[in-house]
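*Asks:* Handing you a structure now.
The values are calculated or read from the model by the stated rules, or taken from the named source; none is laboratory data. For clarity, every value in this text was computed on a predicted model and none was experimentally measured. Glycine also receives a Cβ, built like all others from the backbone with ideal geometry; neighbour counts cover every protein chain displayed.
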């Protein structure tokens, strides 16, 4: 839903705004009619609500150590407590913020970086194409989690560094997609017409080709967000995420040491990760069904 | 074929050099003392400092350093671990076989699983069955491997006590021959299962697409017209002809197994290359981290090269294009 809003950039012109709103409403309506898209939308809205209103929903401050440690789920602590006596329900609620921030931030970063590279490589061809696409391939050689691990190992793991590391690892997929779109579209008649009309290269790239290239790219952005959430969770699980953030993965890191005595430390945060990733994947699936009904049921290249 | 091998090599070698170059560039970008950047958070004696500066040409320009690093690599020198007080190559040689064993055991479960699901959902005439497997794979994609591993430990190891919770084998073992093998299989079962839960659905997806493609071919219609049974068609024509893409995917998965191993080996304390990498990152043993990552990059590039060559050998259309 948020993704579709970017199809029409907001503008002060009321006519445009009205048009954008109509478009958005139609997109939501279409999405709600796809089976997967509707479920995905509901899950994402729920998570966004939880993230925004975390302080009102969580019964305890996330790092408050007021309870008995390793207490099983009860009416005071819905999801039990961890080894330090922190309420896991509150940790999971606050963890939504971290996961969504990393997911949206990394997907946006990958869109900008990968999109720019893909656009340049796809439009100009020749030396620009071969150099840029070789660089993309270079970053795809190692598994995503290894690239992030290496970056974090050498430079540290504050929120922004982590975000940069994830973007560095996932941008090539976005670049390849935009690249293939531009390769396909640049040979079309409307581009030839724009060239004959003597429009500037920037105008052709951004105003003529870009709008047609967007639908599959938005699908990829949703998939990128789910990959980013999985990577952050994995890094947290290894105990290498930003220690100042509350995150689902970090609770699982604690759970690893207390698994034999406290199953609740593992079950609930893991279920939260699954919910977020399933939500994004279903959402992406619904979007791709709208963009191209023949591709319904397709799953993106998830490789955390 | 020779032409294909030549061009494929022409592609692989610069990639290999570029990967090492970028990783060294990252080391260069760490602020502060370059010796500490290489060694990590360890107190370094003046002797060691001098030796390392000389060996890695830390006083020389960047390109000289890259060159000397390659010379070292060609001599089998992947650096020295200050944490473990051993050459990094020794550590890799010790741990890599364990990761390979775990990966192969995982494939043993994942490939039959993926082929079965892919063929069932690809050949079914029942839309519901196909839709069920599509949704199931979609959800399976979302389950983090390490969390699924924890759940397996919680249920099958802690609750039922059927499997050990971690490790590669008992500390003391008197088992020999077949019982030794069974003992090992007991330990590897859960990690292999967690691995298969992750890779299986990916194989299933490839297989499904490939099976659907194959079913559209003319010879399937011929086989039907000959009156062959459904099962005979699947076994004789569909399975063989749609397995080719799976060869590639399995090959690439083998190359990138280290990625999954990092998380999986941590869950089950399986002392392979992935766990070694995580331990090295935790104690900030940079030389070991970089050594393992460069080794992994070499392994991936070589394996992908072999996979492509194998694919070209199996399918003449590829090598002639």
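*Asks:* Got a sec? Which of A:287, A:275, A:238 is in contact (Cβ under 8 Å) with a residue 40 or more places away in the chain and more than 11 Å from chain B (Cβ to nearest Cβ)?
*Replies:* That would be A:287, the only listed residue that is in contact (Cβ under 8 Å) with a residue 40 or more places away in the chain and more than 11 Å from chain B (Cβ to nearest Cβ).
*Asks:* Looking at the structure I just gave you, is residue A:230 within 11 Å of chain B (Cβ to nearest Cβ), assigned to a helix (DSSP H, G or I) and either over 16 Å from residue A:116 (Cβ atoms) or touching a strand residue (DSSP E or B) at 6+ places or on another chain (Cβ under 6 Å) (or both)?
*Replies:* Judged against the criteria, residue A:230 is a match.
*Asks:* Another question, if that's okay. Determine which single condition residue B:103 fails, assuming it passes every other condition in (1) in contact (Cβ under 8 Å) with a residue 40 or more places away in the chain; (2) within 14 Å of another protein chain (Cβ to nearest Cβ); (3) farther than 30 Å from residue B:196 by Cα; (4) crowded, with 16+ Cβ neighbours inside 10 Å.
*Replies:* Exception for residue B:103: condition (3).
*Asks:* Please specify each residue of segment B:276-290 satisfying the condition of being more than 10 Å from chain A (Cβ to nearest Cβ) and under 17 Å from the mean Cα position of the chain (by Cα).
*Replies:* B:276
*Asks:* Condition first: farther than 21 Å from residue A:243 by Cβ and in a helix (DSSP H, G or I). Can you find one or more residues in segment A:57-76 that meet it?
*Replies:* Yes - at least one qualifying residue is present in segment A:57-76.
*Asks:* Looking at segment B:80-89, can you tell me whether even one residue there is on the phi < 0 side of the Ramachandran plot and in a helix (DSSP H, G or I)?
*Replies:* Yes, because at least one residue in segment B:80-89 is on the phi < 0 side of the Ramachandran plot and in a helix (DSSP H, G or I).
*Asks:* Something else about it: Looking at segment B:64-79, is at least one residue at pLDDT 80 or above, in contact with a helix residue (DSSP H, G or I) (Cβ under 9 Å, 6 or more places away or on another chain), at positive phi and loosely packed, with under 12 Cβ neighbours inside 10 Å?
*Replies:* yes
*Asks:* Related question: Return the residue satisfying two criteria in turn: it lies in segment A:263-272 and is more than 18 Å from the chain's Cα centre (by Cα) and within 7 Å of chain B (Cβ to nearest Cβ), and of such residues it is nearest to residue A:30 (Cα to Cα).
*Replies:* A:266
*Asks:* While we're on this one: Given the conditions (1) within 25 Å of the chain's Cα centre (by Cα); (2) over 30 Å from residue B:285 (Cα atoms), and given that residue B:103 satisfies all but one, which numbered condition is not satisfied?
*Replies:* Tallying (1) within 25 Å of the chain's Cα centre (by Cα); (2) over 30 Å from residue B:285 (Cα atoms), residue B:103 fails exactly one: (2).
*Asks:* Collect the residues in segment B:237-271 that are outside any helix (DSSP H, G or I), within 14 Å of another protein chain (Cβ to nearest Cβ) and at negative phi, keeping them in residue-number order.
*Replies:* B:256, B:270
*Asks:* I'm trying to understand the selection: among the residues of segment B:146-185, which are in contact with a helix residue (DSSP H, G or I) (Cβ under 8 Å, 6 or more places away or on another chain) and assigned to a loop (DSSP other than H, G, I, E, B)?
*Replies:* Passing the criteria: B:162, B:163, B:164, B:165, B:166, B:167, B:168, B:169, B:170, B:173, B:175.
Let's see how each residue does on (1) farther than 15 Å from residue B:267 by Cα; (2) crowded, with 17+ Cβ neighbours inside 10 Å:
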{"position": "B:178", "(1), (2)": "yes, no"}
{"position": "B:182", "(1), (2)": "yes, no"}
{"position": "B:185", "(1), (2)": "yes, no"}
{"position": "B:190", "(1), (2)": "no, yes"}
{"position": "B:202", "(1), (2)": "yes, yes"}
{"position": "B:212", "(1), (2)": "yes, no"}
{"position": "B:228", "(1), (2)": "yes, no"}
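*Asks:* Still on this structure, I have one more. Only residues that are more than 10 Å from chain B (Cβ to nearest Cβ) and either over 27 Å from residue B:155 (Cα atoms) or in a helix (DSSP H, G or I) (or both): list them for segment A:241-262, please.
*Replies:* Correct list: A:241, A:242, A:243, A:244, A:245, A:250, A:251, A:254, A:257, A:258.
*Asks:* Run down B:188, B:206, B:234, B:139 and say which single residue is in a helix (DSSP H, G or I), more than 15 Å from residue B:109 (Cβ to Cβ) and more than 14 Å from chain A (Cβ to nearest Cβ). First the steps, then the outcome.
*Replies:* Working: B:188 fails: more than 15 Å from residue B:109 (Cβ to Cβ); B:206 fails: more than 14 Å from chain A (Cβ to nearest Cβ); B:139 fails: more than 14 Å from chain A (Cβ to nearest Cβ).
Result: B:234 is the single residue among B:188, B:206, B:234, B:139 that is in a helix (DSSP H, G or I), more than 15 Å from residue B:109 (Cβ to Cβ) and more than 14 Å from chain A (Cβ to nearest Cβ).
Each row is one residue, and each column tells you yes or no for (1) more than 14 Å from chain B (Cβ to nearest Cβ); (2) assigned to a helix (DSSP H, G or I); (3) in contact with a strand residue (DSSP E or B) (Cβ under 7 Å, 6 or more places away or on another chain); (4) over 17 Å from residue A:220 (Cα atoms).
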{"position": "A:78", "(1), (2), (3), (4)": "yes, no, no, yes"}
{"position": "A:118", "(1), (2), (3), (4)": "yes, yes, no, no"}
{"position": "A:163", "(1), (2), (3), (4)": "yes, yes, no, yes"}
{"position": "A:168", "(1), (2), (3), (4)": "no, yes, no, no"}
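*Asks:* Can you find a residue that is in contact (Cβ under 8 Å) with a residue 24 or more places away in the chain, surrounded by fewer than 16 Cβ atoms within 10 Å (Cβ to Cβ), away from chain A (no Cβ under 14 Å) and touching a helix residue (DSSP H, G or I) at 6+ places or on another chain (Cβ under 9 Å) anywhere in segment B:8-16?
*Replies:* yes
Residues are listed down the side, and each one gets a yes or a no for (1) in contact (Cβ under 8 Å) with a residue 40 or more places away in the chain; (2) under 25 Å from residue A:269 (Cα atoms); (3) in a helix (DSSP H, G or I); (4) away from chain B (no Cβ under 14 Å):
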{"site": "A:106", "(1), (2), (3), (4)": "yes, yes, yes, yes"}
{"site": "A:112", "(1), (2), (3), (4)": "no, no, yes, yes"}
{"site": "A:115", "(1), (2), (3), (4)": "yes, no, yes, yes"}
{"site": "A:135", "(1), (2), (3), (4)": "no, no, yes, no"}
{"site": "A:152", "(1), (2), (3), (4)": "yes, yes, yes, no"}
{"site": "A:182", "(1), (2), (3), (4)": "yes, no, yes, yes"}
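*Asks:* Which residues, counting only those in segment A:255-267, are crowded, with 21+ Cβ neighbours inside 10 Å and under 25 Å from residue A:46 (Cβ atoms)?
*Replies:* Across segment A:255-267, the qualifying residues are A:255, A:263, A:264, A:265, A:266.
*Asks:* Of the residues that sit in segment B:17-48 and are under 17 Å from residue A:153 (Cα atoms) and outside any helix (DSSP H, G or I), which one is nearest to the other protein chains (Cβ to nearest Cβ)?
*Replies:* B:30
*Asks:* On the given criteria, is residue A:295 modelled with pLDDT of 85 or more, more than 7 Å from chain B (Cβ to nearest Cβ) and surrounded by fewer than 21 Cβ atoms within 10 Å (Cβ to Cβ)?
*Replies:* Criteria not met by residue A:295.
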